[in-house]
Amino acid sequence: MNEKTIPKIASSSSSLENEELNKLIEKLPNHQQPSSPRGSKPSEVFKRMVCPSCGYTFYNNPIPVVAAIVEWRDHEHVVLIQNKTWPENWYGLVSGFIEAKEAPLDACKREIKEELGLSNIEVSEKDLIGVYNFPLRNELIIVYHVQVLSNGTDKDEQICIDKDELSDYQMVKIDKLRPWKAATGYGLRDWLIKIGVTHNADNFVDPFKKGESVVDKATASKL
């Protein structure tokens, strides 16, 4: 069976699953159309898609991603970033995929260095805020709190964003922060509760349907 004649999967799965499965099939030309979801083993809670030709099982496991609540060295602000692909009102946490054989903590440090140009930071296992499901993109988000440090001189590191990936960043005062209803937003909420800033912890913004933004340009800054 050549690549042009590989059948697409039926519409019995969600559109996201269809897209991912079709990508898999196109990369593996020897695979045929996956069978109906399989789950014959009593121990299997989730149904699996299986290639009837070779028996390959498509598990569609979630992808691990790290995210960082970056607290500025003044202990009063958090750095939020805007990805170039996001609408103008969207801001969020520094985040990125974990590379092969990379520890989540190392991935967190790398992403901050790549996206913000900062290396003088403090983060350890004890700074893990939580792990959150993001089903929209089939991701598992590992959220850390990260403290930006001062070297005690007037030559502290300054933010230098990756302009290939980011379009903007803003400093938002911690007491003005409001979470959003997505994985990283829930991590931000849990951190606010942890540090005792609870007045906005459940006062969610809705950037998706209402066009609200976690960043109020009147009060945010670049410092």
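Taken together, the values in this text are just the output of simple stated rules run on the coordinates, not laboratory data. These figures come from a predicted structure and were not determined experimentally. In this analysis, Cβ positions are derived from the backbone assuming ideal geometry, glycine residues included, and neighbour counts consider all displayed protein chains.
Some notes on this structure:
- Taking every Cα-Cα distance in the range 63-194 and sorting them into 10 Å bins starting at zero, the pair-distance distribution P(r) comes out as 12, 46, 36, 5, 0 percent.
- Summarising the label geometry, the points placed 7 Å from Cα in the beta-carbon direction at residue 126 and residue 48 lie 4.1 nm from one another.
- Gain on full stretching of the segment that runs from residue 74 to residue 173 - 0.36 nm per residue minus C-alpha separation: 34.6 nm
- Taking a point 7 Å out from the Cα of residue 163 in the direction of its Cβ, the residues of the range 70-95 whose backbone N falls within less than 19 Å of it are 81-86.
- Sorting 59, 144, 186 by the number of Cβ atoms found within 10 Å of their own Cβ, with the fewest placed first, yields 59, 186, 144.
- Under a model in which nothing but the beta-carbon of Lys, Arg (+1) and Asp, Glu (-1) is charged, the range 63-194 shows a dipole of about 440 debye around its Cα centre.
- Taken one residue at a time, the phi angles of the range 143-148 give Karplus couplings (6.51, -1.76, 1.60, θ = phi - 60°) of 9, 10, 9, 10, 9, 7 Hz. Gly and Pro are set to x.
- Where labels lie 7 Å past Cα in the beta-carbon direction, separation of residue 102 and residue 155 in nm: 2.9 nm
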